[in-house]
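See structure below.
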Amino acid sequence: MTTLQAPPAHTSAQALVLVAPLSGQLVAIEAVPDPVFAQKMVGDGISIDPVSQVLLSPCDGEIAQVHSAGHAVTVKTTQGLEILMHIGLDTVALKGKGFTPKVRVGDRVRTGDILIEFDADYVALNARSLLTQIVVTNSDRVAQFKPATGMVNASRDPILELVLAEPTATGEEAAGPVVISKDIIIPNPAGLHARPAAVLAQLAKKYQSAITIHRGSDSANGRSVVAIMGLEISRGDTVTLAATGVDAEAAIAELEEAVRTGLGEEGAVPIALAAASIAQSELTAPPPRPKSDDPNILLGVAASPGLAVGNTLRARRQVIEVEEDAENPNAEHRKLDKALEQAMLEIESLRAKVHGQGDPSKAAIFAAHQELLEDPELMDITGSAIDKGKSAAFAWQQTYTAQADQLAKLKSELLAQRANDLRDVGDRVLRILTGVEEKAFVYPDNTILVAEDLTPSDMANIDPSRVKGFCTVAGGATSHVAILARSMGIPAIAGIEPRVLDLADGTPVILDGSKGKLRLNASVQELEATQNRIARQKAKQAADLEQAFAPAITQDGRQIEVVANIGSKKDAEAAIQVGGEGVGLLRTEFVFMEATSAPTEDQQEAIYADILRVLGPERPMIIRTLDVGGDKPLPYLPMAHEENPFLGERGIRLGFDRPELMRTQFRAILKASTAGKARVMFPMIARLEEIAMAKAVMEEERQKLGVPPIEIGIMIEVPAAAVLAERFAEQVDFFSIGTNDLTQYPLAMDRGHPKLAPFVDALNPSVLRMIDLTVRGADQHGKWVGVCGGVAGDPQAVPILVGLGVKELSVSVPVIPAVKAQVRTLRYSHCQELAQRALNLDSAAQVRELVPLEEF
Ligand code: PEP
Ligand code: MG
């Protein structure tokens, strides 16, 4: 139904009727969930939620602009109206993927002619929304907008009647002083695309002065969104603004600042460019390096715990020589493209290789590397060097080393560490370009690797049976290399004193990764004592493993289920090998992170069912629905920039925003559930309604599929849920406490913050009280509680969690035997007393004193 009666494409001198460019549901422009459109900054118009995927011309006219990302096109009518059609929201970020423009600037088009074909599925999955806006960018030429409503058919139904205004003089002819801005570097990640262009035009319209934007010899009217977009201004481009008129000075003062600061768009800055756009003064200085006064002790940062004794070996970077010049730029461009493609594949396989334990950061490391391979800044600079006659290898090497050097110089420890990632990716592409093979190095037994820095790729190639530990001068506890070392169980020190590089290869050392201490010139007795300690630790591990298949029952008869946190089938197999009694947390985000696009229902079902079959009919598995956002972005699921991602669309909240993504996963879980003992769990539940909503969707899909019901639980990881646990317990079968988040939220301390790390301790009594509340709330309704956050595997926490009444500990695979062994040494009644005392202490440190660590 539509409210317009006018015939399609009816045109008169005073009015123009636009015809539906797509079939679908009309949506008022004010209702578009993007302020740039909703507040009519681009112009007034209408939006369509499309069901077709070919954008047609809504009127006769000439193509005034086609965006290089293919998602937007402007038709200029004979009356001079500029009709911009913008497919989807935030689709500029898709960089052209999914769009095939069928027209070029200057083409004449008739109503109903094809303008852009697009892949609606791809866009829906990868952008924020498919809503397509049809707006008049020079809306001041229109006296009245009369939008239609309801469903419309493409090329048939009218969508918007425009009553034209009498032409008036515009400020463009204004006379008066001319004011020119300073040079401004564009900081916007996708350049001046529709949104920032609209904001600029809107601001420019506030002034009487004529305003132009200039880049090199090109210029455009600063009030025209289309003209600004037509300049295709990219990030890093230098522009100037000019104003002519009585208020020119004020205009430039406001606009210059607005453009310089990104026109309100604070999109995440990809790594390679962060160097250019982050003021040094805003960055935090790294903590001072530890330095030892004892010549026989070198200090650094504890990067990966554990003791190792061995002989040092200096790892050196391979230097690759390249030819500077090349004859044929086209051939060089092709070489670069091929090398980038090859690098992408190699990183994909590295990702598979290191993937093991359920630590989301690991998969994310190589995903970030893949993103660097697509960084537009790197590509642009390399591309223009090739155009100037440089070889692809030379252009690439110059670009990434310059960018990495720039990053490394920054005061921010985090950004400096990203320089290492850039070098890693850069070296890989360079090796492919030059055909220089990576030297396969066989390390001697008991090697302690010493290096200026190691890269994540180096880590993936280390043989842990020979390399017992490593220390690097660069890096910190949060560096990607440290994360990988921890997951591989290799003791490591980062940020160690540089004099470590002076050690002759073969120097005997003791490396203490827990204390960040490297001991030189140890006496024979000391070396022996340390080796004995390592041997005792190993013996204890062996004994624990031998008992790993027995249940974990306290001395006074309380059984604790010890289950695994996993991310894949391989993890499930490993968990069973070491006595895992099931899976307390399958982080399904791994299934999504390992894919280059969202896995289909069938693919997901196969993966979940496969893991259930590995576990067999008796061992339960809790499948946690997708928990991305916050610290775990998905490259193919772009999300709007958020000021505070940890307080934004994380976990189940994202599911409600992308219902199809959520339903697809629910169906896959339900279909797979009959392959074993499946339970489902929702992450980041904060409000009671969220449980009801998620359960309703689950039940709807279950009935459609006709499969038996499965147990449904929630993560307790938001303080609101812990505090109201008693009410939440009415609605679910079980709780699993996510202490990683249930520590960062109550303490308001980022769980990954390098400086706050010592205080982000789940044994803080405030967190323990939340756990206590949760267990007591669940008890009132006869529901059970598990813990799946990292603290569940911490030997100082185990007695306290058991004492608080937790029934299940879900831990990382390698610690399963030790946790089971520890539970067997405990008395539940003693643990209860311990827990009550802990609840009344003042700090995490005091709680830790209450449960001293066993010494070896
Ligand atoms: C947690 O928050 O403790 C948890 C287990 O979930 P994740 O670490 O995946 O956020
Ligand atoms: Mg969590």
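Please compute the length gained on full extension between Val707 and Val246, using 0.36 nm multiplied by the number of residues separating them and subtracting their Cα-Cα distance.
Length difference between fully extended and current span is 158.6 nm.
Report the Cα centroid-to-centroid distance between region 743-819 and region 463-490 in angstrom, as an integer.
The two parts, judged by their Cα centres, are 26 Å apart.
Which whole-angstrom value gives the distance between the alpha carbon centres of region 190-264 and region 71-99?
If you average the Cα positions of each part, the centres end up 19 Å apart.
Using mean Cβ contacts within 10 Å as the protection proxy, how do 546-553, 242-249 order, highest first?
242-249, 546-553
At a 1.4 Å probe radius, carbon and sulfur cover how many percent of the accessible area of the chain?
Values: 18890 of 36110 Å².
Carbon-and-sulfur percentage of accessible area, whole number: 52.
In a shell of Cβ-Cβ distance under 11 Å around Glu526, excluding Glu526 itself, what net charge do Lys and Arg (+1) and Asp and Glu (-1) give?
+1
Would you mind calculating the gained length between Tyr122 and Leu688 on full extension (0.36 nm times residue separation, minus the Cα-Cα distance), in nm to one decimal?
Full extension from Tyr122 to Leu688 adds 200.4 nm.
What is the sum of charges around Ser843, taking Lys and Arg as +1, Asp and Glu as -1, for the other residues whose C-beta is under 14 Å from the C-beta of Ser843?
Values: positive: Arg769, Arg837, Arg848; negative: Asp761, Asp842, Glu849.
Overall, the nearby charge balance is 0.
Based on Cβ point charges of +1 for Lys and Arg and -1 for Asp and Glu, what charge dipole magnitude is obtained for the chain about its Cα centre, in debye rounded to the nearest 20?
The calculated dipole for the chain is roughly 1660 debye.
Place a point 7 Å from Cα of Gln318 in the direction of its Cβ. Which residues in region 379-399 have their backbone N less than 20 Å from it?
Backbone N within reach: 392-399.
For the peptides 333-340, 672-679, 519-526, what is the packing order when you average, over each peptide's residues, the other Cβ atoms within 10 Å and list the highest mean first? Spell out each step's value before the answer.
Numbers: 333-340: 17.0, 672-679: 20.5, 519-526: 12.4.
The peptides rank, most packed first, as 672-679, 333-340, 519-526.
Taking a cut-off of 20 Å, what percent of all Cα-Cα pairs in region 725-856 are separated by more than that?
Roughly 44 percent, once rounded to a whole number.
Out of Leu203, Val123, Leu634, whose Cα points farthest toward the positive end of the dipole of the chain (charges: +1 Lys, Arg; -1 Asp, Glu; placed on Cβ)?
Looking along the dipole axis, the top candidate is Leu634.
State which entries of Lys335/Lys390; Lys517/Lys540; Lys40/Lys206; Lys468/Lys820; Lys468/Lys515 exceed 18 angstrom in Cα-Cα distance in the structure shown.
Working: Lys335/Lys390 12 Å; Lys517/Lys540 24 Å; Lys40/Lys206 14 Å; Lys468/Lys820 27 Å; Lys468/Lys515 16 Å.
Beyond 18 Å between Cα atoms: Lys517/Lys540; Lys468/Lys820.
Take each uninterrupted DSSP H stretch in the chain, measure its Cα extent along the helix axis, and return the ones at 20 Å or beyond whose mean Kyte-Doolittle hydropathy is at least -0.5.
In the chain, the long hydrophobic H runs are 392-409, 413-434, 601-615, 688-705, 765-779.
Rolling a 1.4 Å sphere over the protein heavy atoms, what is the accessible area per residue of the chain, to the nearest Å²?
42
Based on DSSP, what percent of beta bridges with both residues in the chain are antiparallel, to the nearest 5?
Percent antiparallel among DSSP bridges in the chain is about 65.
Counting Lys and Arg as +1 and Asp and Glu as -1, what is the net charge of the other residues whose Cβ lies under 11 Å from the Cβ of Leu94?
+1
Report, in debye and to the nearest 20, how large the dipole of region 551-633 comes out about its Cα centre when Lys and Arg carry +1 and Asp and Glu carry -1 on their Cβ.
In debye, rounded to 20, region 551-633 gives about 140.
Specify which residue in the list Met715, Ala451, Ala253 is farthest towards the positive end of the charge dipole of the chain, using unit charges on the beta carbon of Lys, Arg (+1) and Asp, Glu (-1), about the Cα centre.
Checked the options; the winner is Met715.
Please report the base-10 log of the normalised intensity I(q)/I(0) for the chain, using a Debye sum with one equal scatterer per alpha carbon and no solvent, at each q in 0.06, 0.08, 0.09, 0.11 (1/Å).
-0.49, -0.84, -1.03, -1.35
What whole number of Å gives the distance from the Cα centroid of region 114-166 to the Cα centroid of region 605-647?
36
Have a look at Ser487, Ala20, Leu307 and report the one farthest towards the positive end of the charge dipole of the chain, computed about the Cα centre with Cβ charges (Lys/Arg +1, Asp/Glu -1).
Result: Leu307, furthest along the dipole toward the positive end.
Between rounded, prolate and oblate, where does region 595-636 land on the alpha carbon gyration tensor, with a ≥ b ≥ c its root eigenvalues, rounded for a/c under 1.5, else prolate if a/b exceeds b/c? All intermediate terms of the calculation are to be shown ahead of the outcome.
Values: a/c = 3.66, a/b = 1.72, b/c = 2.13.
It comes out oblate by the Cα gyration axes.
Run the helix sum for the chain: -39,500 (n - 2.57) per DSSP H stretch of 4+ residues, divided by residue count, reported at 222 nm to the nearest 500 deg cm²/dmol.
Result for the chain, helices only: -11000 deg cm²/dmol.
The values are calculated or read from the model by the stated rules, or taken from the named source; none is laboratory data. The structure displayed is predicted, hence computed values, not measured ones. Every residue, glycine among them, receives a Cβ derived from its backbone with ideal geometry; neighbour counts consider all protein chains shown. Just so you know, the surface numbers come from the protein's heavy atoms only, side chains and all, with ligands and any DNA or RNA stripped out. Shrake-Rupley method; radii C 1.70, N 1.55, O 1.52, S 1.80 Å.
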